[in-house]
Amino acid sequence: MKVAIIRFPGSNCDRDVYHALELAGANPDYVWWNQRDISSFDAVVIPGGFSYGDYLRAGAIAAITPVIEGIKETVKEKKPVLGICNGAQILAEIGMVPGVFTNNSNAKFICKWTDLRVKTTRTPFTSMYNKNELIKMPIAHAEGRYYNDEMEKLQDQDQIVLAFAGENPNGSLEAVTGVCDEDGLVCAVMPHPERASENILGSDDGLKFFKGIVNY
Amino acid sequence: MKFNAEVKISLKKGMLNPEAATIERALALLKYDVENTDTIKIIKFSLEGENTDIIRREVDEMCQRLLCNPVIHNYEIGISPED
């Protein structure tokens with residue numbers, strides 16, 4: 001399973017994701033923002049960071065780079081795409097997942113472990129969890145408050161992937177912090193599964209996100 | 001002909017604006033009692049074009065493709081000929 005890890009100027013979770021993908025048994029490789037053809041890969045992960053300094057809006061500039069065309073092709077070929085943190089913001093900016101991740105309600109950067117509930121198991125990334133399973137993964141963002149003016153549609157179409165189970169630290173609508181597209185193949189999550197991929201990090205609850213890619 | 005363009009980007013009505021809320025609380029610390037605080041982003045640039053209508057259409061396209069996120073933003077475009 002060849003997995004592309006997309007790198008933009010300012011990406012900073014790329015190596016962590018590489019490590020987690022290797023732990024899960026995948027064969028990862030880095031791809032830069034200016035590569036249009038990524039058809040040789042079986043899946044894509046857009047890692048976290050601060051692409052283009054978060055200028056304009058988090059993810060807005062990355063959303064118009066050439067590699068995005070390649071990512072859209074990837075989805076057309078029914079291959080899975082996961083965006084983590086800044087990667088999630090980018091997927092929302094392109095409109096590949098519904099809604100937007102915007103400034104936290106307390107106007108602060110929040111970096112902490114959170115309790116989360118897996119809301120759907122129909123995405124490749126959550127296929128190895130149980131529905132409503134409680135897991136622990138960290139968040140680290142200033143623009144993670146999920147907003148969407150069509151929340152009912154999101155629920156009806158089973159597009160909510162993760163929700164905060166305890167405190168809702170960033171003020172997300174209905175505590176949602178992970179969503180997917182209608183097919184469940186494109187998934188955007190604000191918490192960092194790669195930072196919870198080994199017990200030595202405090203939890204390995206996130207590893208199944210990457211194992212799910214290998215199993216797909 | 002050269003034109004100056006100004007795009008004013010604001011949050012849609014009812015959207016939470018944490019920056020504005022923080023500013024309002026800070027003003028309260030200084031004993032200024034204000035309400036309805038808002039922040040607006042202004043992006044300015046100049047560009048060549050035939051007339052105001054064509055420029056306005058082009059800038060509107062820029063807003064939809066990059067400058068704004070239609071889920072949360074409203075925008076106003078101002079165009080004026082460069083002196």
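The values are calculated or read from the model by the stated rules, or taken from the named source; none is laboratory data. Keep in mind it's a predicted model, so treat the numbers as computed, not measured. Counting neighbours? That spans all protein chains shown, and the Cβs are built from the backbone with ideal geometry, glycine included.
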- request: Kindly establish whether A:T126 is modelled with pLDDT of 95 or more, among the hydroxyl-bearing types (S, T, Y), buried (at least 21 other Cβ atoms within 10 Å of the Cβ) and more than 18 Å from A:R57 (Cα to Cα).
  value: yes
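Quickly run through region A:100-111 and pick out the residues that are within 8 Å of chain B (Cβ to nearest Cβ) and part of a loop (DSSP other than H, G, I, E, B).
Kept after step one, since they are within 8 Å of chain B (Cβ to nearest Cβ), are these residues of region A:100-111: A:100, A:102-107.
A:N103, A:N104, A:S105, A:N106, A:A107 - these are the residues of region A:100-111 that are within 8 Å of chain B (Cβ to nearest Cβ) and part of a loop (DSSP other than H, G, I, E, B).
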Which listed residue, of B:D53, B:D38, B:D33, is acidic (D, E) and touching a residue at least 24 places away in the same chain (Cβ under 8 Å): B:D38
- prompt: Do you know which residues across region A:184-203 are part of a strand (DSSP E or B) and of a type in the set (D, E, K, R)?
  reply: A:E198
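Taking region A:59-99 as the search range and keeping residues that are in contact with a Ser or Thr (Cβ under 8 Å, 6 or more places away or on another chain) and under 16 Å from A:Y147 (Cα atoms), which one is farthest from the other protein chains (Cβ to nearest Cβ)?
Residues of region A:59-99 in contact with a Ser or Thr (Cβ under 8 Å, 6 or more places away or on another chain): A:59, A:61-62, A:70, A:73-74, A:77, A:80-81, A:86, A:90.
Filter once more, keeping what is under 16 Å from A:Y147 (Cα atoms): A:59, A:86, A:90.
Numbers: A:G59: 9, A:N86: 15, A:I90: 12 Å.
Ranking the candidates gives A:N86 first.
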message: Going by what's in this entry, would B:L11 be described as buried (at least 17 other Cβ atoms within 10 Å of the Cβ) and of a type outside the set (S, T, Y)?
response: yes
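Report, by residue number, each residue of region B:39-83 that is of a type outside the set (G, A, S), in a loop (DSSP other than H, G, I, E, B) and either surrounded by 14 or more Cβ atoms within 10 Å (Cβ to Cβ) or within 14 Å of chain A (Cβ to nearest Cβ) (or both). Talk me through it step by step, then tell me what you get.
At the first step, the residues of region B:39-83 found to be of a type outside the set (G, A, S) are B:39-45, B:47-48, B:50-77, B:79, B:81-83.
Among the residues that remain, those that are also in a loop (DSSP other than H, G, I, E, B) are: B:39-40, B:50-51, B:68-72, B:82-83.
B:T39, B:C68, B:N69, B:P70, B:V71, B:I72 - these are the residues of region B:39-83 that are of a type outside the set (G, A, S), in a loop (DSSP other than H, G, I, E, B) and either surrounded by 14 or more Cβ atoms within 10 Å (Cβ to Cβ) or within 14 Å of chain A (Cβ to nearest Cβ) (or both).
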Number of positions in region A:145-170 that are assigned to a loop (DSSP other than H, G, I, E, B) and away from chain B (no Cβ under 12 Å): 8
